[in-house]
Amino acid sequence: MRRLLVLEFACLLVFSPLSMAQDAGRTAPQRMVREPVVGLPCEGCEAVFEGMPRSLRSQARIAPAGTPGQEMTVTGRVLARDGTPRSGIVIYAYQTDSLGVYPRPKTSHGRASDRHGALRGWALTDADGRYRFDTIRPGSYPSRDTPEHIHLHVIERGCATYYVDDVMFTDDPLATPALLRTHRGGRGGNGLVTPVRANDRWQAVRDIRLGAAIPGYPACGAGR
Ligand SMILES: [Fe+2]
């Protein structure tokens, strides 16, 4: 979803040493290490570090409990190229609310993450490479020119960070075959999923292939 990323960060200031120093100072008490961003271009990808909780679990929330909208759970496994599950991989997600808007965060953690809005979360894959996000189903942008989607990024600790293809839904009328052909890049594997409705909750499965179609994927990557 490279085009979306470019659009969403079009208003960001150019990432500068000064802004990096300011952001580093703001997040230093939480985490000192920032893995390099690979898979460029990736404007604003440093947002993955801004506001990251000190302790992560395999199950996390994106939209806080009680957020208006249809409840949704996104689960998946994080796999190496040979299909081996990978534990200890951080998955970062952010999305719109049910109206298709990225709500302004009450507390700013940095200029990049401000663009991601208030609905953000981090999960850490367990011993079987599994992660889970509980959230609401996102709305499509008010302009109605973009399907519903959830943005995902990967942080391979001590190695690199990069974005992967968004979670998108086959039952979204806006997700036409023509549009999907334009946007599907296969970064981190296929992000197109078919959600299932059960017990008043949407369930979607998005597995992630580490390093898949990531330009410049480094030798330290766990996906090799
Ligand atoms: Fe988006």
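If packing is taken as the average count of other Cβ atoms within 10 Å, what order do 169-180, 208-219 fall into, highest mean first?
Per-residue Cβ counts within 10 Å, averaged per peptide and sorted highest first, yield 208-219, 169-180.
Could you tell me the accessible area of ASP126 in Å² (1.4 Å probe, neighbours in place), rounded to the nearest ten?
Spelled out: ASP126, probe radius 1.4 Å, area about 50 Å².
With charges set only on the Cβ (+1 for Lys and Arg, -1 for Asp and Glu), what does the dipole of segment 101-191 come to about its Cα centre, in debye to the nearest 20?
320 debye
Just to verify a number: FRET efficiency for LEU180 and ALA127, C-beta to C-beta distance, R0 = 22 Å, to 0.05?
0.05
For segment 53-107, what is the accessible area per residue in Å², given a 1.4 Å probe and the full set of protein chains?
Here the per-residue accessible area is 55 Å².
Could you report segment 177-224's accessible area per residue, 1.4 Å probe, as an integer in Å²?
Normalised by residue count, the accessible surface of segment 177-224 is 53 Å².
By how many nm would the segment from LEU40 to SER55 grow when fully extended, if each residue of separation counts as 0.36 nm and the alpha-carbon distance is taken off?
Computed gain between LEU40 and SER55 is 2.6 nm.
Pick out, in residue order, every one of the trypsin sites (Lys or Arg not before Pro) in segment 71-127 that is DSSP loop and has at most 12 other C-beta atoms within 10 Å; say none if there are none.
Qualifying residues, ordered by number: LYS106.
Between ARG224 and THR67, what FRET efficiency follows from the Cβ-Cβ distance if R0 is 45 Å, with the result rounded to 0.05?
Using R0 = 45 Å, I get an efficiency of 0.75.
Quickly work out the ASN199-to-SER87 label distance, labels modelled 7 Å from Cα along the C-beta direction, and quote it in nm with one decimal.
Between SER87 and ASN199, the simple spin-label model gives 2.6 nm.
Report, to the nearest whole %, how much of the accessible area of segment 101-157 belongs to carbon and sulfur atoms, 1.4 Å probe, protein only.
That fraction is 46 percent.
Quick one: net charge of ASP134's neighbours, Cβ under 11 Å, K/R +1, D/E -1?
Counting the neighbours of ASP134, the net charge comes to +2.
The values are calculated or read from the model by the stated rules, or taken from the named source; none is laboratory data. Quick caveat: nothing in here was measured; it's all calculated off a predicted structure. Ideal geometry is used to build each Cβ from the backbone, glycine not excepted, and the neighbour counts take in all protein chains shown. With ligands, DNA and RNA removed, areas are computed over all heavy atoms of the protein, side chains included. Shrake-Rupley method; radii C 1.70, N 1.55, O 1.52, S 1.80 Å.
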